[in-house]
Structures are given as C-alpha cells and as structure tokens.
Amino acid sequence: MKIIVLKFGGTSIGSIRRIKKVARIVKSYTKKYKVIILSSAMSGTTNKLIDMSKKISANFADNEYDTLVSAGEQISCSLLAGQLIENGIQARSLMAWQIPIITEGQHKHSRIKYIYKKRILKFLNTGGVPVIAGFQGINKDLKITTIGRGGTDASAIMFAKFFKADRCVIYTDVEGIFTTDPNKLKKAKKIKNISYEEMLEMASLGSKVMQPHSIQDARLNRINIEVKSSFLNKSGTLITKKKNIINNKIITGISSTENDSKITLLGVKDRPGIAASIFKPLSKNSINVDMVVQNISSNGKETDLTFTIKSYDLIKTKKIIKNNKFINFKKMIFDTNVSKVSIIGVGMVTTPGVTFRMFQALAKQKINIQVISTSEIKISVLIKKNKVTKAIKTLHKEFNLNK
Ligand code: ADP
Ligand code: ASP
Ligand code: MG
C-alpha cells in the first residue's frame, strides 16, 4: 500500500463535531492507503497562546514562545487520535520530540531538516495511523522549535518528502485555491490546477491558504499537493509542475497583504553605498525589506528613499534607523495604512502590456499607486489599505477572472 499524507487545518478540527467529521474522512482513506496525519491546533488556540505571552512581555523569550505556542497541537492531535480509536482505527498522537522531527535555524522560524522514520514506518506497517503535531520540531539542543505561522502545511510536505508519499492532501475551510481570497471576493473562482511557481508567489504575496515555505519544499521535491475542503466532498485544486498545466489566462490569481508599513526617509545625504548603509543593519536584525524606491535627488546631494516592511517590525526598524550613525537624513515618516496588491501569472511572460493594463484599470478607479515592484510572473503595487477591495474587484474583472 502507498503512503498518503493528510493535513488538517485549524478550522477543520476546530470543534468536536468537526473532529468527528475529520475522523470519517480519515477512514475513507485507510482501505487504500497507509495514512499519516498532520494536524494544526484548533482554530484560535495558537493566537490565544501568543496573546498570553504578550501579556507577560513584548519580548517574551523566543525558546519559551516556541514551547508555549506549539502546545495547541498537542490538544488537537490527542482529541483526533482519541476519536479515531473510538471509531475502531488504531491511532496514536505523536509530538515532534517523540519522533523526532529535527529542525534547524532560529526559534519561531525554524525549518525541518530531518524526520526519523523507523518507528512511524513500523507503526504504519501494523495498520496504525499516526496523528502528528504540525508546526513543531526539536533542534540539536533538544529545544522545542516552531516553523512559522501556518507551518503545519510545511510539516505535511516534509512528511510527504521523507516518507515518499504518493500525495499530500491539504484539508482546509475553502474548496481549494481560488483566483483570489473567496472570503473577500464572492466572484473568486476555484482554480483546477496551479503551478508551484504561481502558488509560491501567491502565498508569499499574502494568500494565506498555503504557507510559502511549504510550496518551496514541494516544488524542490516534486510533491503533488491537493488542496480541498474538509466540509464539502468536492474536488479541490492540484498544485503541480508547470508542464502539467494548460491555462489560457494571462493572470492566474490576485493576492493582497494586510500588515505592511511604508517608511520614507526624506532628504537623505546621497553618496555611493547609502542604500547599503541603510539596509545592512535591518537585514542583520532579520528585518525583511520588501519594496524599495529611491528618487533621483534634484540637487544631486539629497535623495528620498521609500521602502516597506512588515508592520510588526516597525518599532524595531525606526529605532535602528534613528541609531544609524552612517546615514544622514532630514525626516522619517511612516504609514501603516498601506497594502500590497499583486497580480500573478506565468501567462504574463509571453504577453506584453500587462503592467499598463493593471495601472490603467486602477487609475480609472482613482486608486493611487505608491510603490511598484515586479518580477517575471508578478506585478505588485502598494496602495491605500481602504482601496484594497476595490482594487481586487477591478483587477479580477480586468483580467477576465470572473469567468
Ligand atoms: P487552515 O487553518 O486550514 O490552514 P488558513 O486559514 O490558513 O486555513 O487558510 C485558508 C484561508 O485562506 C481561507 O479561509 C481563505 O480566506 C484564505 N485565502 C486567501 N487567499 C486565498 C485563495 N487565493 N484561495 C483560497 N483561500 C484563500
Ligand atoms: N497552529 C499553527 C498556527 O496557527 C500552525 C498551523 O496552523 O499550521 O500558525
Ligand atoms: Mg493555514
């Protein structure tokens, strides 16, 4: 029998009623496959744990944070395993340290490096169904680590890789990957097949339906992912290699972000290397700078520089810039009322004029573009947060995604 990995997200196991439904889904696979389950925490649990840590300190120790926030998965896994046992399936919950799942990198943002297989294989061979905690691992110092919000997606992909699974099925609260968030735009359409490349861009640009690292790992290891609903028995979306996809659309999807901030430094004394002097200490502090524009100085001496970061890094960023002795500027202004809207599609590589069409469609709706960034298969614009819904609606229509 082949191995299959099933991942259940927070809403899918968000109540006892849902857990019972999940147990029935699991049962439907056990005749044909050896099943490995990866489970998230029940929806809301991880957020509650994080809120508690914040009440103790804004700088709550990273290793204790990981121990704390990984606790939610212990609850959901044991409940699901208990339900499966109740239904006559030989199940067992497993936390990362019991396997173990080895991670590397920093706390809060670790990556799975290795998964010990022997005991799980033995259990599978006796007809057992392991219910494994997603999102967590242990590092070489035996400390509990986590792999970033939404990390159970990445855990599932890594299990599919190490166990050479036939497939990885991601069960969630929507029917699959849509042209844009179906909870934000009713006209969003389910996509039948999407390439790793496009899904990676969509995920990185704000479509939280899949965690970006998980797609990167799936692409590297050529793991087919099926995303589908745990509520409705309907076909979902297949995430696969480009070669398997026929698509006549220029744009495949639209993504938007919710937590960007824009910083502008006015009157920066210009000299070769100034941008590096500004960004080096930010990168050293693990602050991710996203979009950047630097204006040409009108007098050849001073320039204005604008860039975006994640809003949770704003306080730290302001502090670092203020304390940077290698730069000179007149004023720093910031804006948390911004959002990045992106159109994504491999079709744009071969179609000229996509940028123009995007800008014109937004201009017609009087949506002002503040910053632009592009890559081969995506165009992103920074706009006012309160214009996001309108922008998505406009672009969805402009690029024929309503049909
Ligand atoms: P889970 O708890 O199952 O991991 P998430 O909340 O992480 O689920 O992801 C599912 C959510 O992703 C959906 O409820 C939906 O609002 C959101 N989403 C954002 N963009 C998209 C998209 N393009 N297609 C489908 N869902 C999307
Ligand atoms: N429980 C974790 C989170 O909420 C991991 C996950 O859901 O995938 O981020
Ligand atoms: Mg998720």
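The values are calculated or read from the model by the stated rules, or taken from the named source; none is laboratory data. On a predicted model such as this, the values are computed, not experimentally measured, just so you know. With ideal geometry, Cβ positions are generated from the backbone for all residues, glycine too; neighbour counts draw on all protein chains shown.
Tell me which residues, restricted to segment 167-188, are charged (D, E, K, R) and farther than 17 Å from L395 by Cβ.
Within segment 167-188, R167, D173, E175 qualify.
Mind counting the residues in segment 47-67 that are over 21 Å from the mean Cα position of the chain (by Cα) and not polar (S, T, N, Q)?
So the answer is 8.
Any chance you could count how many residues in segment 206-227 are of a type in the set (K, R) and either within 16 Å of ligand 2 (Cβ to nearest atom) or in contact (Cβ under 8 Å) with a residue 24 or more places away in the chain (or both)?
1
So R167 ticks every box in (1) surrounded by fewer than 22 Cβ atoms within 10 Å (Cβ to Cβ); (2) modelled with pLDDT of 95 or more but one. Which box is left unticked?
(2)
Does segment 228-287 hold any residues that are without any contact (Cβ under 8 Å) to a residue 12 or more places away in the chain and in contact with a helix residue (DSSP H, G or I) (Cβ under 6 Å, 6 or more places away or on another chain), and which are they?
Listed by number, the list is empty, since nothing qualifies.
Looking at (1) small (G, A, S); (2) part of a loop (DSSP other than H, G, I, E, B); (3) in contact with a strand residue (DSSP E or B) (Cβ under 8 Å, 6 or more places away or on another chain), which is the only condition A275 fails?
(2)
Being surrounded by fewer than 17 Cβ atoms within 10 Å (Cβ to Cβ) and touching a strand residue (DSSP E or B) at 6+ places or on another chain (Cβ under 6 Å) is the requirement here; does T336 meet it?
Yes, satisfied.
Among the residues of segment 94-120 satisfying the criterion of being of a type in the set (K, R) and assigned to a strand (DSSP E or B), which is farthest from E73 (Cα to Cα)?
Looking at the filtered set, the residue picked out is K113.
Which of the numbered conditions does T103 fail, given that it passes all the others? Conditions: (1) crowded, with 23+ Cβ neighbours inside 10 Å; (2) within 16 Å of ligand 3 (Cβ to nearest atom).
(2)
Which one of the conditions (1) touching a residue at least 12 places away in the same chain (Cβ under 8 Å); (2) more than 25 Å from D260 (Cα to Cα); (3) more than 16 Å from ligand 3 (Cβ to nearest atom); (4) not in a strand (DSSP E or B) does D141 fail to meet, given that it meets all the rest?
D141 satisfies all of (1) touching a residue at least 12 places away in the same chain (Cβ under 8 Å); (2) more than 25 Å from D260 (Cα to Cα); (3) more than 16 Å from ligand 3 (Cβ to nearest atom); (4) not in a strand (DSSP E or B) except (1).
If you check every pair at least six apart or on different chains, which have Cβ atoms under 8 Å apart with a residue in segment 93-121 that is of a type in the set (D, E) first and a residue that is modelled with pLDDT of 95 or more second?
Between residues of segment 93-121 that are of a type in the set (D, E) and residues that are modelled with pLDDT of 95 or more, the close pairs are E104/S110; E104/R111; E104/K113; E104/N139; E104/K140.
I'm checking my understanding of the structure. Among residues of segment 210-227 that are closer than 21 Å to G10 by Cβ and surrounded by fewer than 23 Cβ atoms within 10 Å (Cβ to Cβ), which one is farthest from ligand 1 (Cβ to nearest atom)?
D217
Just for segment 139-158: of the residues that are crowded, with 24+ Cβ neighbours inside 10 Å and of a type outside the set (G, A, S), which one is nearest to ligand 2 (Cβ to nearest atom)?
T152
Which one is farthest from ligand 1 (Cβ to nearest atom) among residues in segment 27-52 that are assigned to a helix (DSSP H, G or I) and under 19 Å from Q90 (Cβ atoms)?
Only one residue tops the list, namely T30.
Residue check, L80 against (1) farther than 25 Å from K140 by Cα; (2) free of Cβ contacts under 8 Å to residues at least 40 places away in the same chain; (3) assigned to a helix (DSSP H, G or I), all met but one. Which one?
Here L80 clears every test but (2).
Can you work out which of the residues in segment 5-26 that are closer than 17 Å to K208 by Cβ and either among the small types (G, A, S) or in a loop (DSSP other than H, G, I, E, B) (or both) is farthest from ligand 1 (Cβ to nearest atom)?
Ranking the candidates gives G14 first.
Every residue in segment 130-173 that is within 16 Å of ligand 1 (Cβ to nearest atom) and acidic (D, E), please.
Selection gives D153, D173.
Considering only segment 144-171, how many residues are part of a loop (DSSP other than H, G, I, E, B) and over 17 Å from Y33 (Cβ atoms)?
Count: 5.
Out of all the residues in segment 121-138, which are surrounded by fewer than 17 Cβ atoms within 10 Å (Cβ to Cβ) and part of a helix (DSSP H, G or I)?
Listed by number, the residues that qualify are L121, K122, N125.
I need the full set of residues from segment 369-403 which are in a loop (DSSP other than H, G, I, E, B), closer than 12 Å to V338 by Cβ and in contact with a Lys or Arg (Cβ under 8 Å, 6 or more places away or on another chain), in order please.
Across segment 369-403, the qualifying residue is only Q370.
Yes or no: I333 in contact with a Leu (Cβ under 8 Å, 6 or more places away or on another chain), part of a helix (DSSP H, G or I) and among the β-branched types (V, I, T)?
no
Taking into account only those residues within segment 11-20 that are touching a residue at least 60 places away in the same chain (Cβ under 8 Å) and crowded, with 18+ Cβ neighbours inside 10 Å, which is nearest to E226 (Cα to Cα)?
Here the residue is S12.
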